[in-house]
1. Only one of these conditions is not met by GLY160: (1) closer than 15 Å to LEU69 by Cα; (2) not in a helix (DSSP H, G or I). Which number is it?
2. Could you list all residues from the stretch 49-63 that are crowded, with 20+ Cβ neighbours inside 10 Å and either in contact (Cβ under 8 Å) with a residue 24 or more places away in the chain or of a type in the set (Lys, Arg) (or both)?
3. Which condition number does GLU140 fail, the rest of (1) touching a residue at least 12 places away in the same chain (Cβ under 8 Å); (2) touching a Leu at 6+ places or on another chain (Cβ under 7 Å) being met?
4. Residues that are without any contact (Cβ under 8 Å) to a residue 24 or more places away in the chain, under 16 Å from the mean Cα position of the chain (by Cα), part of a helix (DSSP H, G or I) and surrounded by 19 or more Cβ atoms within 10 Å (Cβ to Cβ): does the stretch 164-174 have at least one?
5. Any chance you could count how many residues in the stretch 10-23 are over 16 Å from LEU69 (Cα atoms) and either hydrophobic (A, V, I, L, M, F, W, C) or within 18 Å of the chain's Cα centre (by Cα) (or both)?
6. Would you mind stating whether TYR174 is farther than 28 Å from LYS104 by Cα and of a type in the set (Phe, Trp, Tyr)?
7. From the list THR116, THR26, THR43, exactly one residue is within 21 Å of ILE3 (Cα to Cα), among the polar types (S, T, N, Q) and either touching a Gly at 6+ places or on another chain (Cβ under 9 Å) or in contact (Cβ under 8 Å) with a residue 60 or more places away in the chain (or both). Which is it?
8. So, of the residues in the stretch 100-113 that are without any contact (Cβ under 8 Å) to a residue 40 or more places away in the chain and either outside any helix (DSSP H, G or I) or of a type in the set (Gly, Ala, Ser) (or both), which turns out to be nearest to ASP77 (Cα to Cα)?
Amino acid sequence: MDITKIQYKLIFADDNEKTLELHLRTDNLTPVAWAPSNPPEWTALENHKCSNCPLQPEKHAYCPAALNLVKLVDDCDEMDLLDTVKLVVKSSDRAVVVSATVQKALGSFIGLLMATSDCPHAAYFRPVARFHLPLANEMETIYRAVTAFAMAQFVRRQAGKEGAVDLDGLFDIYKNLETVNTGLSVRLKSAGKEGAIAKSLMEWDVFSGMFPMRAEEVMDKMRPLFSAYLTDP
């Protein structure tokens with residue numbers, strides 16, 4: 001089994017370090033040996049289950065997204081989000097070294113954990129996770145989401161299914177993700193885990209809610225770059 005490794009190392013001003021290393025199956029980006037062997041109560045599927053969750057406890061005792069967050073909560077929940085760190089992200093493709101706040105670093109890693117979880121609403125972002133871009137800004141995030149959605153429609157048509165010609169489906173995906181982010185925050189708060197991870201999820205929640213409006217604005221700005229595609233040969 002081929003494994004893809006993505007490592008986040010946060011180096012603090014006092015030279016203390018925190019390393020988060022995620023091992024993923026290369027073929028389907030499923031995490032390997034990441035979920036806890038003895039999950040805490042707050043991860044139970046029926047514990048503040050998201051209103052849009054299609055999973056049933058008979059087959060899924062625990063929330064897949066919550067399971068992926070347990071280690072991060074245990075290791076990083078007491079961090080100060082405003083601290084600035086040297087962030088080193090290594091994968092098989094490249095290494096990225098930047099200065100960032102703890103909030104930006106954890107938010108980027110949370111995005112990766114969500115996309116590689118078995119949450120049916122986050123699974124749409126697995127193709128984006130394959131080309132993980134640490135600390136992606138808003139425009140980069142929107143562009144990657146839109147292009148992945150467009151490719152998904154091409155894949156659907158190749159499979160004999162109907163493919164969307166607008167972004168309504170993508171907007172629905174983000175609306176559902178907003179509900180999931182809110183649900184995870186409620187789970188954490190109910191367990192007294194109101195630290196760095198819950199606060200970082202709130203930022204994702206806000207972005208998901210604003211996605212349709214911001215996506216339209218970003219696409220308007222980028223439209224001139226596609227002029228070659230609008231010119232007949």
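The values are calculated or read from the model by the stated rules, or taken from the named source; none is laboratory data. In this text, all values refer to a predicted model and were calculated from it rather than measured experimentally. In this analysis, Cβ positions are derived from the backbone assuming ideal geometry, glycine residues included, and neighbour counts consider all displayed protein chains.
1. Just one mismatch for GLY160, condition (1).
2. The answer is CYS50, CYS53, CYS63.
3. With respect to (1) touching a residue at least 12 places away in the same chain (Cβ under 8 Å); (2) touching a Leu at 6+ places or on another chain (Cβ under 7 Å), GLU140 is out only on (1).
4. No, every residue in the stretch 164-174 fails to be without any contact (Cβ under 8 Å) to a residue 24 or more places away in the chain, under 16 Å from the mean Cα position of the chain (by Cα), part of a helix (DSSP H, G or I) and surrounded by 19 or more Cβ atoms within 10 Å (Cβ to Cβ).
5. 4
6. Taking the combined requirement at face value, the residue does not satisfy it.
7. THR116
8. Going through the qualifying residues, I end up with THR101.
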